[in-house]
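A.B. asks: Before I ask anything, here is the structure I am working with.
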Amino acid sequence: MIEATPTVFVVDDDDAVRRALTRLICSAGYCVESFGSAHEFLESGPHFQGCACLVLDVGLPDINGLELQNELNAADRSLPIIFITGYGDIAMTVRAMKAGATDFLAKPVRDSELLPAIANALRVSSQALSSRIELDCIHRRMARLTPREREVLALLVEGRLNKQVACELGVAEKTIKVHRARVMEKMEAHSLVDLVRVIDKVRIPLSPGQSA
């Protein structure tokens, strides 16, 4: 499978700065999409399904950089952000980093600072993307379980033995063994330890009163 080239979004209202950033980032081998304002960026409807990050000016004229960060987070469209600013302070930096920014750089931004910051942000994005893909895969596996198999799964991950599960559900132990085998197969788990680790990653309710 060929991986797509990472995308770096650039949002800065200064045309000269934006062009310079675009040239630099392109020279490093990344795809670049640049915007002159937060509204322009939002209206473009960028999709963050692949590996991507955002180089974002704090002092934008419409929605400022910190407000855009909050809006993206609230809409669950967050992606690693590298803030750039000519007038940042410690409080602003702390606020941005707490909200998930990966770097906060002062203008004029040096190539030796920005390119490593982008590489780091894209590593964060790649890791998050891998986690999302893994969780989606686990959810698809769980969707294949019958209601009874989900009940068996909930009790198994609590550490119940087959006979205890059988007693809890009011069925024969041999029936539980069949359900357990199907659960392991559908969840693609090779052992109970594997099964518990998988369920611990999703942390969603398995049955009424039960949670992973």
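The values are calculated or read from the model by the stated rules, or taken from the named source; none is laboratory data. Fair warning: this is a prediction, and the values are worked out from it, not measured in the lab. Don't worry about glycine lacking a Cβ; one is built from the backbone with ideal geometry, like all the others, and counts go over all protein chains shown.
A.B. asks: Return only the number of the condition from (1) of a type outside the set (Phe, Trp, Tyr); (2) on the phi > 0 side of the Ramachandran plot; (3) assigned to a helix (DSSP H, G or I) that Ile118 does not satisfy.
C.D. replies: (2) is the only condition that Ile118 fails.
A.B. asks: Then there's this: Residues Ser126, Ser112: which one is among the polar types (S, T, N, Q), in a helix (DSSP H, G or I) and surrounded by 15 or more Cβ atoms within 10 Å (Cβ to Cβ)?
C.D. replies: Ser126
A.B. asks: Test Ser126 against the stated conditions and say whether it is touching a helix residue (DSSP H, G or I) at 6+ places or on another chain (Cβ under 9 Å) and hydroxyl-bearing (Ser, Thr, Tyr). I'd like the intermediate steps shown before the answer.
C.D. replies: On the way: touching a helix residue (DSSP H, G or I) at 6+ places or on another chain (Cβ under 9 Å): no; hydroxyl-bearing (Ser, Thr, Tyr): yes.
Judged against the criteria, Ser126 is not a match.
A.B. asks: Give the range 84-100 a look and list any residue that's in contact with a strand residue (DSSP E or B) (Cβ under 8 Å, 6 or more places away or on another chain) and either surrounded by 14 or more Cβ atoms within 10 Å (Cβ to Cβ) or in contact (Cβ under 8 Å) with a residue 40 or more places away in the chain (or both), or say none.
C.D. replies: So in the range 84-100, the residues in contact with a strand residue (DSSP E or B) (Cβ under 8 Å, 6 or more places away or on another chain) come out as 84-86, 88, 92-93, 96-97, 100.
Residues satisfying the conditions are Ile84, Thr85, Gly88, Met92, Thr93, Ala96, Met97, Gly100.
A.B. asks: Exactly one of these conditions fails for Arg141: (1) closer than 30 Å to Thr175 by Cβ; (2) touching a residue at least 40 places away in the same chain (Cβ under 8 Å); (3) more than 22 Å from the chain's Cα centre (by Cα). Give me its number.
C.D. replies: Checking Arg141 against (1) closer than 30 Å to Thr175 by Cβ; (2) touching a residue at least 40 places away in the same chain (Cβ under 8 Å); (3) more than 22 Å from the chain's Cα centre (by Cα), the one that fails is (3).
A.B. asks: Is there a residue being within 20 Å of Pro116 (Cβ to Cβ) and surrounded by 16 or more Cβ atoms within 10 Å (Cβ to Cβ) anywhere in the range 40-48? It would help to see each step written out before you state the result.
C.D. replies: Going residue by residue through the range 40-48, those that are within 20 Å of Pro116 (Cβ to Cβ) are none.
Checked against the condition, which is being within 20 Å of Pro116 (Cβ to Cβ) and surrounded by 16 or more Cβ atoms within 10 Å (Cβ to Cβ), the range 40-48 yields no hits at all.
A.B. asks: Shifting gears a bit: Of Leu105, Leu115, Leu161, which residue is modelled with pLDDT under 95 and closer than 30 Å to Gly59 by Cβ?
C.D. replies: Values: Leu115 fails: modelled with pLDDT under 95; Leu161 fails: closer than 30 Å to Gly59 by Cβ.
So the residue among Leu105, Leu115, Leu161 that is modelled with pLDDT under 95 and closer than 30 Å to Gly59 by Cβ is Leu105.
A.B. asks: For the range 96-109, enumerate the residues that are assigned to a helix (DSSP H, G or I) and of a type in the set (Phe, Trp, Tyr). Explain how you work it out, then say what you get.
C.D. replies: Within the range 96-109, the subset assigned to a helix (DSSP H, G or I) is 96-98.
Matches in the range 96-109: none.
A.B. asks: I'd like to know if the range 153-170 contains one or more residues that are touching a residue at least 40 places away in the same chain (Cβ under 8 Å) and of a type outside the set (A, V, I, L, M, F, W, C).
C.D. replies: yes
A.B. asks: For residues that are farther than 21 Å from Ile81 by Cα and among the polar types (S, T, N, Q), tally how many sit in the range 103-154.
C.D. replies: 1
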